[in-house]
Amino acid sequence: YPSAEVTSGAVMFERDVQATLECTSTGIPKGSDSRTIEFWAYIHNKWHGWQNIFSYGASGSGQCFGLNTGNTDGNLAFTGYSAGDWDTGVNALKYADAWHHFVVTYYGTNTVEIFIDGISIGSVTRSLNTSGTTFHIGGSEHGGEHFTGMISNFRVRTGRKYTSNFIPPTEPLTADSDTVLLCCQSSTSAV
């Protein structure tokens, strides 16, 4: 579990008020580039329907990149859009109402892998060509499917940081030479 310093700067997202943090996608890995997106999240159990924890790209098959809580089944799912989507079969409710560390990686131009609390929940082959101009935290690439919960220490890196199970960080994330976005670390400013 994270230290208090990790969650003290968390950003609250409410589906009912459609709160979304939107960032430019300048510098964000696109196309088939390898990437690592990691963050701490507190998923509230009151969600309903499909909600994106984060998502960027375009509304075209394989052109999106994100993580959501699925629709009627409530399973965690990768948002690749249409044929790019992947239902992990892991129910999101298992991770509700507590802080958990999430990582989504893409590498080798065709493999998506998701880690929760340092443990891989699986991988899948997907050929992606992520595009788009806006990076959405707490919503989707087309402005809907809002998240209900809190997000802390959200970091986007080029390349693949995690290659096997690992011990999650317990202190606030820091920027390194591969970091292109680091936010949700301050109680006074989301960015």
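Rundown of residues vs (1) modelled with pLDDT of 85 or more; (2) among the polar types (S, T, N, Q), yes/no style:
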{"site": "17", "(1), (2)": "no, no"}
{"site": "34", "(1), (2)": "yes, yes"}
{"site": "38", "(1), (2)": "yes, no"}
{"site": "47", "(1), (2)": "no, no"}
{"site": "69", "(1), (2)": "yes, yes"}
{"site": "79", "(1), (2)": "yes, yes"}
{"site": "84", "(1), (2)": "yes, no"}
{"site": "90", "(1), (2)": "yes, no"}
{"site": "109", "(1), (2)": "no, yes"}
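Restricting to the stretch 98-150, name every residue that is among the β-branched types (Val, Ile, Thr) and open to solvent by less than 20 Å² (accessible area, probe 1.4 Å).
103, 104, 105, 112, 114, 116, 130, 137, 148 - these are the residues of the stretch 98-150 that are among the β-branched types (Val, Ile, Thr) and open to solvent by less than 20 Å² (accessible area, probe 1.4 Å).
Just the residues that are part of a loop (DSSP other than H, G, I, E, B) and touching a strand residue (DSSP E or B) at 6+ places or on another chain (Cβ under 7 Å), please, taken from the stretch 36-72.
Listed by number, the residues that qualify are 44, 45, 50, 51, 58, 63, 69, 70.
Against the condition part of a loop (DSSP other than H, G, I, E, B), surrounded by 16 or more Cβ atoms within 10 Å (Cβ to Cβ), out of contact with any helix residue (DSSP H, G or I) (no Cβ under 7 Å at 6 or more places or on another chain) and modelled with pLDDT under 80, how does residue 2 come out, does it pass?
So residue 2 fits the description; yes.
Condition (residue is closer than 25 Å to residue 189 by Cβ and within 12 Å of the chain's Cα centre (by Cα)) applied to the stretch 78-89: is it met by at least one residue?
No: zero hits.
Would you point out the residue of the stretch 79-96, among those that are outside any loop (DSSP other than H, G, I, E, B) and open to solvent by less than 50 Å² (accessible area, probe 1.4 Å), that is nearest to residue 62 (Cα to Cα)?
Taking the candidates together, the pick is 84.
The values are calculated or read from the model by the stated rules, or taken from the named source; none is laboratory data. This is a predicted model, so every value here is computed, not measured. Please note: Cβ atoms are built from the backbone with ideal geometry, for glycine as well, and neighbour counts cover all protein chains shown. What goes into the accessible areas is simple: the full protein's heavy atoms, side chains included, and nothing from ligands, DNA or RNA. Shrake-Rupley method; radii C 1.70, N 1.55, O 1.52, S 1.80 Å.
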